[in-house]
Amino acid sequence: MSHPSKQKGNRVERLIVDLAKQYGLEAVRAWGSNGQSLGFTAEVDARIANRSMQIKARKSIADYIKPAVNIDAQIIKEDRSEPLVVIRISDYFEMLAKLEGLK
């Protein structure tokens, strides 16, 4: 039996892929969480709507990273690096579905 943290990661990866499919998006999880099984780099955990995804599961995430209830997106920036956007997965999958012409 694999390590509990590996089992948790596998569960979350399956959850994300299943959620994407609920939006009508093409989604596949990389075998063994290794993107090389899909022909990509090892960091790729899943392909959703022809986009490479790395999926991380953590016990907790700092509150300042999470969008507040009345906020659509949280923008964060590390010194000397590119800004990142944190949004709810339902909003992201809805945007992807619209881009793919599914909604």
Next item on the list: Among the numbered conditions (1) without any contact (Cβ under 8 Å) to a residue 12 or more places away in the chain; (2) at positive phi; (3) among the small types (Gly, Ala, Ser), tell me where Ala49 comes up short.
Entry: (1)
Item checked: Positions within the range 78-88 being of a type outside the set (Asp, Glu), part of a loop (DSSP other than H, G, I, E, B) and in contact with a strand residue (DSSP E or B) (Cβ under 9 Å, 6 or more places away or on another chain), in sequence order -> Pro83, Arg88
Checklist line | Members of the range 36-50 that are closer than 25 Å to Glu94 by Cβ and out of contact with any Leu (no Cβ under 8 Å at 6 or more places or on another chain) | finding: Leu38, Phe40, Asp45, Ala46, Asn50
Check: So which of Ile75, Ile55, Ile16 is assigned to a loop (DSSP other than H, G, I, E, B) and among the β-branched types (Val, Ile, Thr)?
Finding: Ile55
Checklist line | Members of the range 59-103 found to be among the basic types (Lys, Arg) and either on the phi < 0 side of the Ramachandran plot or within 14 Å of the chain's Cα centre (by Cα) (or both), listed by number | finding: Lys59, Lys66, Lys77, Arg88, Lys98, Lys103
Margin query: Between a residue in the range 52-63 that is without any contact (Cβ under 8 Å) to a residue 60 or more places away in the chain and any residue that is acidic (Asp, Glu) and surrounded by fewer than 10 Cβ atoms within 10 Å (Cβ to Cβ), which pairs come within a Cβ distance under 7 Å, given they are 6 or more apart or on different chains?
Written below: none
Item checked: Residue, nearest to Glu100 (Cα to Cα), within the range 22-49, restricted to residues that are under 13 Å from the mean Cα position of the chain (by Cα) and surrounded by fewer than 16 Cβ atoms within 10 Å (Cβ to Cβ) -> Val28
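Coordinate-derived values only; no laboratory data. These figures come from a predicted structure and were not determined experimentally. Reconstructed Cβ throughout: ideal geometry from the backbone, glycine too, with neighbour counts over all protein chains shown.
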